[in-house]
Amino acid sequence: MTRQKMKQTIDIETLGLKPEGLPKHIAIIMDGNGRWAKKRLMPRSFGHRAGVEALRSVIRTASDIGIEVLTLYAFSTENWNRPVEEVSGLMQLMVEYLKREARALHENNVKITTIGDLSRLEGKLIDEIQWATELTKDNDGLNLNIALNYGGRDELTRAIKKIASALDMGKISSEDIDTALVEEYLDTAGVPDPELLIRTSGEYRFSNFMLWQTAYTEFYFTNTLWPDFNGDLLVEAIRDYQKRDRRFGSL
Ligand code: IPE
Ligand code: IPE
Ligand code: MG
């Protein structure tokens, strides 16, 4: 039995999924919270809170079916351009989320990690992240990877700076630079590329997410707004993915 199969707590064939070729890594651009709230004549913050509920269902399903890594785009480097009240509301929501959920995630063997430049975040959010990642670091179930103050261009720029300083210090030489080395300097070092990227809310763009890692990723776009997304819809996306013919430039 493969390691992945051992981690499944439900029979995935009953969900119409094939055990072989299940994506190891799924990335999600969780979009549409604001529009979801607007439709209900509620403030955008209401949509963000509802988005956390969707998160719970998606994480549970991903964990149950044996997905290894789930990367969630929670806050982009461009999201700082939103009104200050919305930004601080989102930061507060993330602090509350980790405070409230990290223990339960830990009990479910979930390992919490982050990508993105954490240095610009508020101290209390950094503290919560450090606590949650430390608490869960030895877990070998689902890796819940949260992209916070993350931008694909920022990640590549930081990687280039680190490579340049390794060159300066003589730790590497320019001949050592190849795709494998670049990957070691990305925030996702050691994590397989996502096979499937889901974006909710009917927007057909990347918004600066995982530019390097998605070179051969399959995309799944849905009009569903993020707060209406859930574990069943995640399974539907994986079913769609499993019908695809991935050729990687070959025949
Ligand atoms: C996604 O929902 C959440 C974040 C970007 C943090 P939005 O807030 O972008 O919602 P819409 O796209 O305005 O509906
Ligand atoms: C992408 O959504 C970022 C996150 C989901 C965190 P946005 O709503 O910020 O992206 P744009 O503005 O529609 O491109
Ligand atoms: Mg949006």
Highest mean packing first, using Cβ neighbours within 10 angstrom, the peptides 118-126, 170-178 sort as 118-126, 170-178
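For the range 35-173, what's the relative contact order in percent, using C-alpha pairs closer than 8 Å and at least 6 residues apart? Please list the in-between numbers first.
Details: 147 pairs, mean separation 43.0, N = 139.
Value for the range 35-173: 31 percent.
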FRET efficiency for Ser88 and Asp178 from the Cβ-Cβ distance with R0 = 45 Å, rounded to 0.05, comes out at 0.60
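Mean 1/r over all different Cα pairs, inverted: what Kirkwood radius does the chain give, in Å? Don't skip to the end; give the middle numbers.
Details: mean 1/r = 0.0523 Å⁻¹.
Roughly 19.1 Å, rounded to one decimal.
Determine the relative contact order of the range 104-180: mean sequence separation of Cα pairs under 8 Å and six or more apart, normalised by residue count, in whole percent. Provide the component values of the computation, followed by the final result.
Details: 67 pairs, mean separation 28.7, N = 77.
Taking the mean separation of contacting Cα pairs over the length of the range 104-180, I get 37 percent.
Over the chain, what is the relative contact order in percent, taking alpha-carbon pairs closer than 8 angstrom and at least six residues apart? Walk me through the intermediate numbers first.
Details: 381 pairs, mean separation 71.7, N = 251.
The normalised contact order for the chain reaches 29 percent.
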Taking a straight Cα-to-Cα line shorter than 17 Å from Lys111, and setting aside same-chain lysines fewer than 8 residues away, one finds Lys7, Lys24, Lys99, Lys137
Here the alpha-carbon Rg of the range 135-227 over 2.2 N^0.38 Å rounds to 1.31
Per residue, the convex hull enclosing the alpha carbons of the range 1-149 has a volume in Å³ of 120
Note: probe point = Cα of Ile10 + 7 Å toward Cβ; backbone nitrogen < 19 Å; residues of the range 50-91 passing the test are 53-71
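Every number here is computed from the coordinates shown, using simple stated rules; none is lab data. The shown structure was predicted, so the numbers you read here are calculated from the model rather than taken from an experiment. As a convention, Cβ positions derive from the backbone with ideal geometry for all residues, glycine included, and neighbour counts pool all protein chains shown.
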